[in-house]
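Read the structure below first, then the notes.
The values are calculated or read from the model by the stated rules, or taken from the named source; none is laboratory data. Values in this document were obtained by computation on a predicted structure and should not be read as measured data. Every residue, glycine as well, gets a Cβ built from its backbone with ideal geometry; the counts of neighbours run over all protein chains shown.
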């Protein structure tokens, strides 16, 4: 599990982390949709947006490097995807 202080202070990002399996992250309010991947997109009701921004910056890098499968709970088109670095930006590669 990953812990972050956020709008719901603290926010828990549950993860499945078995050897030789995909690590799936339920990113909750941190990334409710694929459109929330860019750094400035933080929930408007977040009580600690600067803390969330710092956590999000580190989390996105980790998610790219470790190839986490991100679950987007509120996205009507992309249920899950991998974060990839392309042309200096982090983008979503749709998985489901």
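All of 65, 51 fail the test of being within 15 Å of residue 23 (Cα to Cα), over 12 Å from the mean Cα position of the chain (by Cα) and part of a helix (DSSP H, G or I), apart from 65. The residues of segment 54-71 that are out of contact with any strand residue (DSSP E or B) (no Cβ under 7 Å at 6 or more places or on another chain) and under 14 Å from residue 34 (Cα atoms) amount to a single one, 56. Of everything listed in (1) surrounded by 13 or more Cβ atoms within 10 Å (Cβ to Cβ); (2) within 15 Å of residue 29 (Cα to Cα); (3) touching a residue at least 24 places away in the same chain (Cβ under 8 Å), the single unmet condition for residue 53 is (3).
If you go through segment 75-88 and keep only what is under 14 Å from residue 62 (Cα atoms) and exposed (fewer than 15 other Cβ atoms within 10 Å of the Cβ), you end up with 84, 85.
Would you mind stating whether residue 32 is out of contact with any helix residue (DSSP H, G or I) (no Cβ under 7 Å at 6 or more places or on another chain), loosely packed, with under 13 Cβ neighbours inside 10 Å and either outside any loop (DSSP other than H, G, I, E, B) or modelled with pLDDT of 90 or more (or both)? No: the conditions fail for residue 32.
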